[in-house]
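The values are calculated or read from the model by the stated rules, or taken from the named source; none is laboratory data. Keep in mind that what you see is a predicted model, and the values were worked out from it rather than measured. Cβ atoms come from the backbone with ideal geometry, glycine included; neighbour counts cover every protein chain shown. Please note that ligands, DNA and RNA were not included when accessible areas were found on the heavy atoms of the full protein model with its side chains. Shrake-Rupley method; radii C 1.70, N 1.55, O 1.52, S 1.80 Å.
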Amino acid sequence: MPEIRHLRYFVAVAEHGNFTRASERLHISQPTLSQQIRQLERTVGVQLLDRAGRTVRLTDAGRAYLEPARRVLRELEAGERAVHDVTDLSRGQLRWGVTPTLTTYLVGALTAELYDRHPGIEATVREMSQDHIESALLADELDIGIAFAAQHPPGLTALPLFSETLSLVVGEPGRDGPDPVRPMPVAALERLPLALLTGDFATRVHIDAYFAREAVTPRIAVQANSIQALTEIVRRTALATVLPDAITRTRCDLEPIALDPPLPPRSIVLLVRENGYRSAAARAFIELAGEVAARLDPHRD
């Protein structure tokens, strides 16, 4: 029967494609790693790695063995977390991911609430695209994800959090530009140069769908892959952008302008694995996320 260390060593070599890099990651010598892999191959009775050439490759048997080995390691790690879980929340660990647009106004609020209530919990926050959050959850690399409601992969459950609204945004009040008091007809966007997120953001996909539905072709002067970059650009230029209202509510140097018809709201959800172990820290985070969400959603009772 293979030992757990053998599975860890095999997965590391498979992922790195190289004994040297794998041994560095595992903090063991290369000869020791090679010896352990040979022991594993003798135990299972088949060659798992093709060592010919500069790159170590998986044999057919190795490819078949890799995912079961990963699954065993994931289950073991989940079991270790369950053993060390403390229900009084005096300590614990939490891994959560969030999409970039939400990072700007949600990460700080959630982290502050978690730390104030449960300072013993060690949290790891990762900013990731929505598809990477979903993949990481299914691979047990995250406990919780916060993203937009969509057609999520099988194996994930979406818990509604709040509804996010967006508006056109310009720089400091008083600068020449659209009237911030009256809604701006969407057709007028064709005369207003914009700075928008790049097309790989879910927010940009949402905005482009709105433009297409309203048959508007705006002039996009600048594209950026950072909300912070967009806010600085808009603050210092005559360009406008589109941002969540939760961002502009706390910024006196940015002016939101309603569009007519308005941009459709979108639902923010909390993603978890359907049958994954949910630690006390994760359960506490889900509860406080709902409370923070209630404060962020002006339309929620």
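Miscellaneous remarks
- Top-ranked residue of segment 198-210 - restricted to ones that are open to solvent by 10 Å² or more (accessible area, probe 1.4 Å) and not charged (D, E, K, R), ranked as farthest from T99 (Cα to Cα): A209
- Just one of the listed residues (T217, T250, T237) is among the β-branched types (V, I, T), open to solvent by 40 Å² or more (accessible area, probe 1.4 Å) and under 24 Å from R295 (Cβ atoms), namely T250.
- Flag if A209 is over 21 Å from the mean Cα position of the chain (by Cα), assigned to a helix (DSSP H, G or I) and at pLDDT 90 or above: yes
- Count of segment 45-64 residues which are surrounded by fewer than 12 Cβ atoms within 10 Å (Cβ to Cβ) and farther than 19 Å from T20 by Cα: 2
- Filtered residue count, segment 127-147, keeping only those that are assigned to a loop (DSSP other than H, G, I, E, B), hydrophobic (A, V, I, L, M, F, W, C) and open to solvent by 20 Å² or more (accessible area, probe 1.4 Å): 2
- The residue of segment 151-181 that is farthest from R273 (Cα to Cα), among those that are modelled with pLDDT of 90 or more and outside any strand (DSSP E or B), is T165.
- Of residues in segment 12-70 being modelled with pLDDT of 90 or more, among the hydroxyl-bearing types (S, T, Y) and not in a helix (DSSP H, G or I), the one nearest to M1 (Cα to Cα): T59
- For first residues located in segment 1-29 and open to solvent by 40 Å² or more (accessible area, probe 1.4 Å), partners that are in a loop (DSSP other than H, G, I, E, B) and lie 6+ apart or on another chain with Cβ distances below 9 Å form the pairs H16/V56.
- Odd one out for A221, checked against (1) in a strand (DSSP E or B); (2) closer than 20 Å to T103 by Cα: (2)
- Odd one out for L73, checked against (1) closer than 30 Å to T241 by Cα; (2) open to solvent by less than 30 Å² (accessible area, probe 1.4 Å): (1)
- Comparison of T124, T157, T165 shows that the only residue that is within 30 Å of A112 (Cα to Cα), within 23 Å of the chain's Cα centre (by Cα), loosely packed, with under 14 Cβ neighbours inside 10 Å and not small (G, A, S) is T124.
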